[in-house]
Amino acid sequence: MIRKRPRIGITMRLELETDRFYLSRHYSEAVEAAGGVPVHISLIPKREYISAAMNDIDGVLLPGSDSDIDPARYGAEPHPNLGSVHPVKDETDLLVLEEIEPRGLPLFAICFGMQALNVSRGGTLIQDIASQVPNTIKHQQGAPRDRPSHAVKLATSSLVSSLAQADRFFVNSHHHQAIDNVGTNLIATAWASDGLIEAVEDSRPERFALGVQWHPELGWKEDRLSRALFERFIAAATKHLADAADLALESEIVAAMEEDVTNVVWTREKSAGES
């Protein structure tokens, strides 16, 4: 039976105090509302596990996190205002990103997820905006978390601009780190008024990889762009699922034809041997 709804892998978080994996409900609810089936990926940084977990996945959502990526992963020393680092979160997300590439899976990366994507491509991060960026705006808005708190400028002809149907949009903001140097095959497509990068997209036309620094999972019910981001991501995952199904069907047909040819040859040889 062919699946019609794409399965979306979402990596979880780790609560250090209780040793529990967890994830905000908003990510899964946004994926389901857009037509996907959310599948949680545990933070088990083993290549064999991640490879097996990704076998039935049609797209990946890398969510935000209350941790910071270890600066050693991009060749930097820890800043005094670096937040907590969760190695199993870093390692798991980076292994998932490795698996995405050869599989060509669509990727939607949010906040920490966008930063992990950038680091995986050889990019670097600003470890603490408030102390490292002069004349910055406020990027940690607090409650209510879904309130759009600052504007972003969107690059012309970018995916995010086409979804917003505008070159400027207001977003919510909950981060103290940001992208510094942009990684390989990524291009910046949105900026805050202080110049910080707010979105990146894959520069390769055949690849769907989109990262945003804000949190569309909190505003998808009311916010037009938030909803459009999830719908476009699920559309890409649906196409990947359909393409994979077509390829599997084609392989089955080829295998059946080869089997038929083999049977015909065997029958002829058997008949010739009996005559």
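Placing pseudo-labels 7 Å out from each Cα toward the beta carbon at residue 153 and residue 193 gives an inter-label distance of 1.2 nm. The length gained on full extension between residue 16 and residue 66, counted as 0.36 nm times the residue separation minus their Cα-Cα distance, comes to 16.9 nm. The helix-based estimate of mean residue ellipticity at 222 nm for the chain, built from -39,500 (n - 2.57) per DSSP H run of four or more residues and divided by its residue count, is -12000 deg cm²/dmol to the nearest 500.
Report the relative contact order of segment 125-257, percent, no decimals, based on alpha-carbon pairs under 8 angstrom and at least 6 residues apart. Across segment 125-257, relative contact order equals 21 percent. Computed with a 1.4 Å probe over protein heavy atoms only, the accessible surface of the chain comes to 50 Å² per residue.
A simple spin-label model places the labels of residue 184 and residue 85 2.3 nm from each other, with each point 7 Å out along Cα-to-Cβ. Within the same chain, lysines fewer than 8 places from residue 239 are excluded, and of the rest, those with a Cα less than 30 Å from its Cα are 4, 46, 89, 153, 221. Ligands, DNA and RNA left out, the accessible area of the chain computed with a 1.4 Å probe is 53% carbon and sulfur. Quick one: grab the alpha carbon gyration tensor of the chain, order the square roots of its eigenvalues as a ≥ b ≥ c, and give me rounded if a/c is under 1.5, else prolate or oblate depending on whether a/b is larger than b/c. Taking the square roots of the gyration eigenvalues as a ≥ b ≥ c, the chain is prolate. Taken along the Cα-to-beta-carbon direction at a fixed 7 Å, the label points for residue 244 and residue 51 span 1.6 nm.
The values are calculated or read from the model by the stated rules, or taken from the named source; none is laboratory data. Bear in mind that the values here come from a model prediction, so they are computed numbers and not experimental data. Reconstructed Cβ throughout: ideal geometry from the backbone, glycine too, with neighbour counts over all protein chains shown. When the accessible area is computed, the model is the full protein with side chains, heavy atoms only, and any ligands, DNA or RNA have been set aside. Shrake-Rupley method; radii C 1.70, N 1.55, O 1.52, S 1.80 Å.
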